[in-house]
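Heads up, the thing below is written out as structure tokens.
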Amino acid sequence: MPNRVFIIGSVFLLVWRRRGAYLTARHFPRGALMIRWSQQLIPTLREAPAEAEIPSHQLMLRAGLIRKLAGGLYTFLPLGHRALRKVEQIVREEMDRAGALEVLMPAMHPQELWEQTGRFGVLKEVMFKIKDRQERNLVLGPTHEEVVTDLVAHEVQSYRQLPINLYQIQTKFRDEIRPRFGLMRAKEFIMKDAYSFDMNLEGVERSYRAMYTAYERIFKRAGLRTKAVEADTGAMGGSASHEFMVLADAGEDGVIECDACAYAANLERAEGVGRGEKVFADADKTPAVVATPNRKTITGVATFFQTTPARLIKTLIYLADEKPVAVLVPGDREVNEIKLKRALKCAALALADDVMISKVTGAPVGFAGPVGLTIPVIADEKLQGYRGAITGANQADAHLVNVDLARDAQVGTWGDLSNANAGDGCPRCGQGQLVAKRGIEVGHVFKLGTKYSEALGAGYLDPDGQRKIAIMGCYGIGVTRTLQSVIEQSHDANGIVWPISIAPYQVEVLPINVAHGPTMEAALKIAAELEAAGFDVLFDDRDERPGVKFKDADLLGLPIRVNVGEKGLAKGVLEIKLRHTGEMRTAAPEQAFAAVQAAAAELRQAVTPA
RNA sequence: CGGGGCGUAGCUCAGCCUGGUAGAGCACUGGUUUUGGGAGCCAGUUGUCGUAGGUUCAAAUCCUAUCGCCCCGACCA
């Protein structure tokens, strides 16, 4: 090795010129993976394009990882592609480790298959629909329950073939209502989806646990801090499910967690125990109308009465399957439409428009109340026992005080209809307080049951020769979203801070002045040594000012940087700079390789599962 | 789909209100000085002003339509 490096350095020096200096392939080890910046496509941007709002999206564009083709459609440039491949590889290794089998299913499906499970009707809005030349209806798969279940229905006959878990890493297509935040919500994205088939509930539990554990390992290895939360099952159907959330301000989901116990849930399903008072002043008096000109909002009314929003009863008119219903929640809470939909057992749910509201309440928007309504009334259970409350009076510019909900209104149904609030009591331990955060959903595990296996005939013969239906689970990871989440969670003012496990390159070698022979000789030597030891090395051979190269290095965020410059060489050292701490270490050229190895070992510790 | 905003150079944006024939910074090319945190000077390149139509002697600017993009809501990995 040292000989080869010497030869490389010598050849290099021979051809070196003071001006217009260049390196060609023959100056680098044959078959080397070491990449010269000048030969790569790394279009860094000094400023963030206006289209990008959140840090990870801006940085992916600025660091030259991705470029947009159209809304929700992105090209992965070489650097982004390398990182993506590394994430995929981690996913693959952990799925294999958990015993899942990799397959690759078509992205294009016959529409008929979706009609068999009844999901064409449910998902047709999000599916891209195409026709072939025979006018056959095809869809681009937004997910693959139908296809995998069809496969298993054909290929699995016996209990001896079960359990089985099939997975793929593949592109999904969803006609998103609103693509946003770069790869976070795209029309086309890469997903790892796995589907387990079991014979009984114990088997399902085992499969579910195996995936849950695999997910913890995957995200740890990818350098992500995630939180598993209880989740709503949504359009998938099924019983239990957990989402793996990356806590981040840019997250699209609300996450509620307890500060005392392990309880954590998606806001969509989180329960909160109200701790506020329910009996207010003048609780025993009869309702009275008070003029409240132009006080249409909760805060406006609360200010008018010099009281807290919690004393108000918020009354919203919804149309549930086209029929009006009044929904009551405490004034300091939001209606949770997912919970409401479940409580009403309806398919379509929407807020009523102004016309409908005045027709139903006899008052303009902002003055609705439960007293005297003739439409069905459903109330949040946190309103149980509300007395001395304030509501709209169902007439313009007026509210009703001293309302005793049980005495004065006809509540048809009670249920959990509102969002948990920060500060609520924990429904599990009863001790802690709930805290509200934002999260990005990067993974989701479901127990599906037999919805698909039954519809598509995925069954087997048990040892007694009885025909049984397989019980399914499904497990998704948004691979492209995971990649961007890492950046969202790991960056600073200067750029990306890659975990070593998924960094496009592990080491950047940065010769400060490429026109200085000894600098280049030393830089090539350490780069070649690292390369030979299996490191992915990016060699910044650009004839740029040091400041430019340093700024770009920080922006790219490769975990270990080796600076080679005249000042260091004069002191007999190379500099090894760690991106995540900013720590600068120095080592003599012959010790530099060992120093990088040591740094890499430290960085790998941080992404090694327990 | 509802609400809001924006389309002018590769990027960030000014010009539009009050019409007169397109600009700045960065980037890019060449030269030169410089060389440890986005350099200085000199010279230069870059535009169907998103598209189509209309008003006008004259349209980036006014009007209409259309396409695209971004943000807020319902959907989800």
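The values are calculated or read from the model by the stated rules, or taken from the named source; none is laboratory data. In this text the structure is predicted, and so the values were computed from the model without any measurement. In this analysis, Cβ positions are derived from the backbone assuming ideal geometry, glycine residues included, and neighbour counts consider all displayed protein chains. The protein model used for the area step is the full one, side chains on, heavy atoms only, and it has no ligands, DNA or RNA in it. Shrake-Rupley method; radii C 1.70, N 1.55, O 1.52, S 1.80 Å.
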List the residue pairs whose Cβ atoms are under 7 Å apart, where the first residue sits in region A:203-232 and is under 12 Å from residue A:90 (Cα atoms) and modelled with pLDDT of 95 or more, the second is of a type in the set (Ser, Thr, Tyr) and open to solvent by 20 Å² or more (accessible area, probe 1.4 Å), and the two are 6 or more positions apart or on different chains.
A:219/A:226; A:221/A:501; A:222/A:501; A:223/A:490; A:223/A:501
Could you check, for region A:127-135, whether at least one of its residues is open to solvent by less than 40 Å² (accessible area, probe 1.4 Å), assigned by TED's automatic domain parsing to the domain that holds residue A:478, over 14 Å from residue A:452 (Cβ atoms) and within 16 Å of RNA strand B (Cβ to nearest atom)?
yes
Which pairs do you get when a residue that is in contact (Cβ under 8 Å) with a residue 60 or more places away in the chain, found in region A:41-59, comes within reach of a residue that is within 6 Å of RNA strand B (Cβ to nearest atom) and part of a helix (DSSP H, G or I), reach meaning Cβ atoms under 7 angstrom, with the pair 6+ apart or on two chains?
A:44/A:552; A:44/A:555
Does residue A:175 fit the bill of being under 25 Å from the mean Cα position of the chain (by Cα), within 16 Å of RNA strand B (Cβ to nearest atom) and either surrounded by 13 or more Cβ atoms within 10 Å (Cβ to Cβ) or farther than 14 Å from residue A:479 by Cβ (or both)?
yes
Which condition does residue A:321 not pass, out of (1) at pLDDT below 90; (2) under 24 Å from residue A:283 (Cα atoms), if it passes all the others?
(2)
Among what's in region A:546-582 and is in contact (Cβ under 8 Å) with a residue 40 or more places away in the chain and in a strand (DSSP E or B), pick the residue that is farthest from RNA strand B (Cβ to nearest atom).
A:560
Check A:59, A:101 and return the single one that is within 29 Å of residue A:221 (Cβ to Cβ), of a type in the set (A, V, I, L, M, F, W, C) and open to solvent by 70 Å² or more (accessible area, probe 1.4 Å).
A:101
Would a scan of region A:199-222 turn up a residue that is more than 13 Å from RNA strand B (Cβ to nearest atom) and part of a strand (DSSP E or B)?
no
Here are some conditions: (1) touching a helix residue (DSSP H, G or I) at 6+ places or on another chain (Cβ under 6 Å); (2) assigned by TED's automatic domain parsing to the domain that holds residue A:454; (3) at pLDDT below 95. Residue A:174 meets all but one. Which one does it not meet?
(1)
Exactly one condition in (1) touching a Gly at 6+ places or on another chain (Cβ under 8 Å); (2) closer than 22 Å to residue A:440 by Cβ is false for residue A:479; which is it?
(1)
Scan of region A:27-58 for residues that are touching a Phe, Trp or Tyr at 6+ places or on another chain (Cβ under 7 Å) and modelled with pLDDT under 90, ordered by number:
A:27, A:34, A:35, A:53
Within region A:534-541, identify whether any single residue is farther than 24 Å from residue A:56 by Cβ, out of contact with any strand residue (DSSP E or B) (no Cβ under 9 Å at 6 or more places or on another chain) and more than 8 Å from RNA strand B (Cβ to nearest atom), and answer yes or no.
yes
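For every residue, the table says whether it meets (1) assigned to a loop (DSSP other than H, G, I, E, B); (2) open to solvent by less than 70 Å² (accessible area, probe 1.4 Å); (3) within 15 Å of residue A:400 (Cα to Cα); (4) touching a residue at least 40 places away in the same chain (Cβ under 8 Å).
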| position | (1), (2), (3), (4) |
| --- | --- |
| A:243 | no, yes, no, yes |
| A:255 | no, yes, no, yes |
| A:277 | yes, no, no, no |
| A:283 | yes, yes, yes, yes |
| A:290 | no, yes, yes, yes |
| A:293 | yes, no, yes, yes |
Test each condition in (1) open to solvent by 50 Å² or more (accessible area, probe 1.4 Å); (2) in a helix (DSSP H, G or I); (3) more than 14 Å from RNA strand B (Cβ to nearest atom) for residue A:148 and report the one that comes out false.
(1)
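Grab the strands (runs of 3 or more DSSP E) fully contained in region A:340-416, keeping just those with 3 or more residues being under 18 Å from residue A:324 (Cβ atoms) and open to solvent by 30 Å² or more (accessible area, probe 1.4 Å).
Numbers: elements: A:349-351, A:377-380, A:389-392, A:398-403, A:413-415.
Output list reads A:349-351.
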Would you be able to say whether some residue in region A:114-137 is polar (S, T, N, Q) and closer than 29 Å to residue A:484 by Cα?
no
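Considering only residues that are among the β-branched types (Val, Ile, Thr) and either part of a helix (DSSP H, G or I) or in contact with a strand residue (DSSP E or B) (Cβ under 7 Å, 6 or more places away or on another chain) (or both), look in region A:92-130 and name the one that is nearest to residue A:456 (Cα to Cα).
Start the filter on region A:92-130 by keeping residues that are among the β-branched types (Val, Ile, Thr), which leaves A:103, A:117, A:122, A:126, A:130.
Pick out the ones that are also either part of a helix (DSSP H, G or I) or in contact with a strand residue (DSSP E or B) (Cβ under 7 Å, 6 or more places away or on another chain) (or both) and you get A:103, A:122, A:130.
Details: A:103: 19, A:122: 17, A:130: 23 Å.
Out of the qualifying residues, it is A:122.
What number of residues within region A:502-523 satisfy the criterion of being away from RNA strand B (no atom under 16 Å from the Cβ) and of a type in the set (A, V, I, L, M, F, W, C)?
The qualifying residues number 2.
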Please verify whether residue A:307 is outside any strand (DSSP E or B), more than 16 Å from RNA strand B (Cβ to nearest atom) and touching a Phe, Trp or Tyr at 6+ places or on another chain (Cβ under 8 Å), treating the condition exactly as stated.
yes
